[in-house]
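> Let me give you the structure first, and then I'll get to my questions.
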Amino acid sequence: MVSEMMAKVDDASFDLADKGASGVQQTLHFNAMREVRLCCATTEAEFRAVFAQVVNEKTERAGR
């Protein structure tokens, strides 16, 4: 789920870089792509952990 979203962000950044009017714009979009790729695994792991925590808290409250 998160990895698919991050892949879409990566693709969109590439498209924007490809259409960039200047080298500066292209560089910004390529840097964004790099950041997405570097933090994808960490972001997904953190999302899963927080999601599981919220589900557990809601389940515990519902069981009271």
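The values are calculated or read from the model by the stated rules, or taken from the named source; none is laboratory data. Everything numeric in this text was worked out from a predicted model, so none of it was measured. Cβ coordinates were reconstructed from backbone atoms using ideal geometry, including for glycine residues, and neighbour counts include every protein chain displayed.
> Looking at the range 8-37, which of its residues are aliphatic (A, V, I, L, M) and in a loop (DSSP other than H, G, I, E, B)?
Ala21 - this is the single residue of the range 8-37 that is aliphatic (A, V, I, L, M) and in a loop (DSSP other than H, G, I, E, B).
To keep it simple, each residue is scored yes or no on (1) surrounded by 13 or more Cβ atoms within 10 Å (Cβ to Cβ); (2) at pLDDT 90 or above; (3) among the hydrophobic types (A, V, I, L, M, F, W, C).
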position: Ala12; (1), (2), (3): yes, yes, yes
position: Asp18; (1), (2), (3): no, no, no
position: Gln26; (1), (2), (3): yes, yes, no
position: Asn31; (1), (2), (3): no, yes, no
position: Glu44; (1), (2), (3): yes, yes, no
position: Arg48; (1), (2), (3): no, yes, no
position: Gln53; (1), (2), (3): no, yes, no
position: Ala62; (1), (2), (3): no, no, yes
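> Identify all residues within the range 23-49 that are under 12 Å from the mean Cα position of the chain (by Cα) and touching a residue at least 24 places away in the same chain (Cβ under 8 Å); write none if there are none.
Val36, Arg37, Cys40, Thr43, Glu44, Phe47
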